[in-house]
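Right, one structure below, let's go through it.
The values are calculated or read from the model by the stated rules, or taken from the named source; none is laboratory data. The shown structure was predicted, so the numbers you read here are calculated from the model rather than taken from an experiment. Note: ideal-geometry Cβ built from the backbone for every residue, glycine included; neighbour counts use all protein chains shown. To get the accessible areas, we keep the full protein, side chains included, count just its heavy atoms, and leave off ligands, DNA and RNA. Shrake-Rupley method; radii C 1.70, N 1.55, O 1.52, S 1.80 Å.
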Amino acid sequence: MSASIAQAVARYAEHAGPPVARAVRDAAAKVPALAARLADAGLDPRGLTHADLARLPVLAKDEVIALQRQRPPWGGLLAPHACVDRVFQSPGPLYEPQLAGPDPWRWVEALRAAGFSQDDLVLNCFGYHLSPAGAMFDEGCLAVGATVLPGGIGSQDLQAAAIADLGVTAYTGLPSYLRAVIERYDAAGLPPEAWRLSRALVTAEPLPDSLRAELQQRVPTVLMAYGTAEAGLIGYETQPNSGLRPAQDVLVEVCDLDTGMPLTEGEGQVVITLARSDYPLVRFGTGDLSAWTLDAAGQPRLVGVLGRVGAAVKVRGMFLHPRQAAQALADTPGVAAWRLVIDRVAHRDELACEIILSAGHDRAADAERVVAEVTRRLRDRLRFGAAVRIVSQIEDGDQGLIDRRRWD
């Protein structure tokens, strides 16, 4: 089995690699930071092949953040005359440009695999504020020819009513959010015969078999895709549990965490190189762990996201890093200690912040002010809503960020 996986991955790289290498050669002439990286690795861009790329050290997200701080706003990674339609901010902060043109994040491929077409009215329930996910799927659905209802996150009563009133046929968003919308539709007593939603492309959090089966009782087609804010689409399902097919115009590698060399067996970090010359991401480490497998036809597929490299975790489709939480809550008046606890309840992420009050802040009025301030800081500085609870003790080993979620 290992030999066949290795052969399939090699065939995939031989097919996907050359156009990516050509784009990197073109980009090196325009993008200073890329030219410098290649030179540091002893690589001549003029004769660069996709096999040579393995000699280039993996570029971590934190390194991109550092480059942007040194050379704002793009760290030298954007071609000087590139046309940028929008700018987004991800946790870090890391700024991402939306390049001009249709479907710049290339989600059309995954949407079509899920059956999306010009006949669909799509409820897009990814966020439209600062983070790029809402715009990513908006652009992809428009490129398919579909009509978009920009639902965003929240107002589930209005979203449920729109499903009935407008005849919404398709959905993009978190799988857990789709479950919540279905529950809200039923709780509102809306007519079952008005429910026409028949396909969904979901991403940004795991899709356990139990949740997929529950969703499919109301939405027959529920497929998973995988991407990042920086890269857009990386892989997608063509059938449930078929593994993630690597997207076009991107070279996907699973790489050893220590050496950065591509693997064909075992877990490693997903590393991608885009065939994009104006804003190239070359050997970019997503921070996600995965592994190669084969589908029924013997084609290489990613098994999915198996975890994260480092301390950051994904909560409700957004990254949460202990360092950012510490910065947000540092020196909060009245807080002696804190921790963030992530749990999974009814297929939905729940975030709580447990705090110990400082001496002299245990009166009811003082405690209420402290809770309100912690709630505000989490919302404004991290963009997360959390239930803030006062506790009497937090063990040293339990400080920071505690992830209690199970995905079975």
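Checked against (1) at pLDDT below 95; (2) open to solvent by less than 20 Å² (accessible area, probe 1.4 Å); (3) more than 23 Å from GLU109 (Cα to Cα), SER210 meets all criteria but (2).
Listed by position, the strands (runs of 3 or more DSSP E) contained in region 251-307 that have at least 2 residues being open to solvent by 50 Å² or more (accessible area, probe 1.4 Å) form an empty set. Among the residues of region 347-382, the one identified as over 18 Å from PRO322 (Cβ atoms), touching a residue at least 40 places away in the same chain (Cβ under 8 Å) and open to solvent by 60 Å² or more (accessible area, probe 1.4 Å) is ARG348. Residue count for region 277-310, restricted to those that are within 18 Å of the chain's Cα centre (by Cα) and among the small types (Gly, Ala, Ser): 7. GLU193 fulfils the conditions (1) under 24 Å from GLY154 (Cβ atoms); (2) open to solvent by 50 Å² or more (accessible area, probe 1.4 Å); (3) not aliphatic (A, V, I, L, M) except for a single criterion, (1). Return a yes/no flag: does region 311-319 have any residue that is assigned to a strand (DSSP E or B), within 14 Å of the chain's Cα centre (by Cα) and not aliphatic (A, V, I, L, M). Scanning region 311-319, I find at least one residue that is assigned to a strand (DSSP E or B), within 14 Å of the chain's Cα centre (by Cα) and not aliphatic (A, V, I, L, M), so the answer is yes. In region 49-56, the count of residues that are touching a Leu at 6+ places or on another chain (Cβ under 6 Å), among the hydrophobic types (A, V, I, L, M, F, W, C), crowded, with 19+ Cβ neighbours inside 10 Å and closer than 22 Å to PRO246 by Cβ is zero. Just checking, which of LEU34, LEU78, LEU53 is assigned to a loop (DSSP other than H, G, I, E, B), closer than 15 Å to ARG276 by Cβ and either at pLDDT 95 or above or not basic (Lys, Arg) (or both)? Selected residue: LEU78, the only one of LEU34, LEU78, LEU53 that is assigned to a loop (DSSP other than H, G, I, E, B), closer than 15 Å to ARG276 by Cβ and either at pLDDT 95 or above or not basic (Lys, Arg) (or both).
In region 7-27, the residues that are free of Cβ contacts under 8 Å to residues at least 12 places away in the same chain and among the hydrophobic types (A, V, I, L, M, F, W, C) form no Cβ pair under 6 Å with any partner that is part of a helix (DSSP H, G or I) and open to solvent by 30 Å² or more (accessible area, probe 1.4 Å), whether six or more places apart or across chains.
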